[in-house]
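One structure below.
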Amino acid sequence: MLKKLSILLPLLSIVFITGCNTKKNKAEESKSESMEVSGQTNSKIPQSWVDKRVAKAEKRLLGSDAGKVIWASMEAHGGLDNWFGNGSLAFRFNYIPLDGKTPRDSYQTVDVWSNRAKHTSVTDSTARFGYTGEKAWLQIKDSTAFAYDTKFWALTPIYLMGHPFVLDGEGVNLELLPQTEYQGKANDVVKATFDAGTGDAPDDYYILQFDAESHLLTATRYIVSYPEYFKDGGHNPEKFMEVGELIDVDGVLLPKSLKTHWTVDGQPGEHITNIEVSEMHFIKDLPEDYYDMPENAEEL
């Protein structure tokens, strides 16, 4: 679930301003600035660039009824400016299937600005995997350290627990669906799909439910269409993920737990997975090479 959203969105206005008649040295300055930000973690992104990206997202989202629901939820969860301005998000994500399938438990740090990630095993600090924004990598001594597809899993957790913020970028299509009732309350419903070429699984979709009064996320329905799992196309049956208690992480409301079920008539059916999200905090001032592929790591 590697979604490669552009990290240069805040610079689009700079590129457009250069125009055909701009002097060569100005164009070179803009190019240099773009190259500089592409190598930084979001903890070092200037606030002015955060402001530009947030303003661009707000304008785009407020242009449709579905987008207005997403924007209202972003605001209710602490604001896109906090999401991008706080630095990289670190947390432990413990995915516990109830059917005996492989659990997935790692400490991870995610650059929410440019969709890069680094995971470390909870039992062996030398076992790691990640995604640089361009390539996935794996660094292990024991071949059994991660008994699952680490390329797929590099960014999957942030797409399970990072809504609605992860829907700010290009290539995201939003559709407003009819309201539904969930746990006795009216919920606004938005379906998110992705343009072809957006990440490794563009056929994924998410159906997000928000409390109509508080605008907080209550549930997410989704499918997995990762081609390595479904080589002939298709996807798994839809899952219904309940959002647990939201906690304040440096001004951003994020879930400390999630529960997945098979979806039955738009509602949660058989309970199949528990997810525990803990030790959440934002980090600033990471080394510029923090998300780079380490020496002796294997490119996937």
Response to the item:
Those residues of the range 154-173 which are assigned to a loop (DSSP other than H, G, I, E, B) and farther than 19 Å from residue 63 by Cα amount to 154, 155, 162, 163
Worksheet item: Picking from 250, 265, which residue would you name as being over 17 Å from the mean Cα position of the chain (by Cα) and at pLDDT 95 or above?
Response: 250
Item to complete: Return a yes/no flag: does the range 228-241 have any residue that is under 23 Å from residue 91 (Cβ atoms), modelled with pLDDT of 95 or more and not basic (Lys, Arg).
Response: yes
Worksheet item: Name the pairs whose Cβ atoms lie under 7 Å apart, with the first residue in the range 250-276 and free of Cβ contacts under 8 Å to residues at least 60 places away in the same chain and closer than 30 Å to residue 81 by Cα, the second of a type in the set (A, V, I, L, M) and surrounded by fewer than 19 Cβ atoms within 10 Å (Cβ to Cβ), and 6 or more positions between them or separate chains?
Response: 256/247; 260/272
Worksheet item: Does any residue of the range 63-85 turn out to be under 16 Å from the mean Cα position of the chain (by Cα) and in a strand (DSSP E or B)?
Response: no
Fill in: Among the candidates 74, 1, residue that is crowded, with 20+ Cβ neighbours inside 10 Å, of a type in the set (A, V, I, L, M), modelled with pLDDT under 95 and within 21 Å of residue 257 (Cα to Cα)
1
Worksheet item: Going by the structure shown, is residue 204 outside any strand (DSSP E or B), closer than 25 Å to residue 88 by Cβ, among the acidic types (Asp, Glu) and at pLDDT below 95?
Response: yes
Worksheet entry | Residue count for the range 165-184, restricted to those that are out of contact with any Phe, Trp or Tyr (no Cβ under 8 Å at 6 or more places or on another chain) and over 23 Å from residue 291 (Cα atoms) | 11
Worksheet entry | Number of the exception - residue 171 against (1) in contact with a Gly (Cβ under 9 Å, 6 or more places away or on another chain); (2) on the phi < 0 side of the Ramachandran plot | (2)
Discussion item. Condition first: surrounded by fewer than 17 Cβ atoms within 10 Å (Cβ to Cβ), touching a residue at least 60 places away in the same chain (Cβ under 8 Å) and not charged (D, E, K, R). Now tell me which residues in the range 42-71 satisfy that.
Written reply: 64
Fill in: Filtered residues of the range 159-175 (kept if within 13 Å of the chain's Cα centre (by Cα) and over 18 Å from residue 55 (Cα atoms))
159, 160, 161, 162, 163
Practice prompt. Could you check how many residues of the range 86-145 are part of a strand (DSSP E or B), surrounded by 19 or more Cβ atoms within 10 Å (Cβ to Cβ) and not polar (S, T, N, Q)?
Written response: 18
Discussion item. Contact list please: Cβ distance under 9 Å, first residue in the range 165-185 and free of Cβ contacts under 8 Å to residues at least 24 places away in the same chain, second residue among the hydroxyl-bearing types (Ser, Thr, Tyr) and assigned to a strand (DSSP E or B), pairs at least six apart or on different chains.
Written reply: 173/193
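The values are calculated or read from the model by the stated rules, or taken from the named source; none is laboratory data. Nothing here was measured: the structure is a model prediction, and the numbers come from that model. We place every Cβ from the backbone using ideal geometry, glycine too, and count neighbours over all the protein chains shown.
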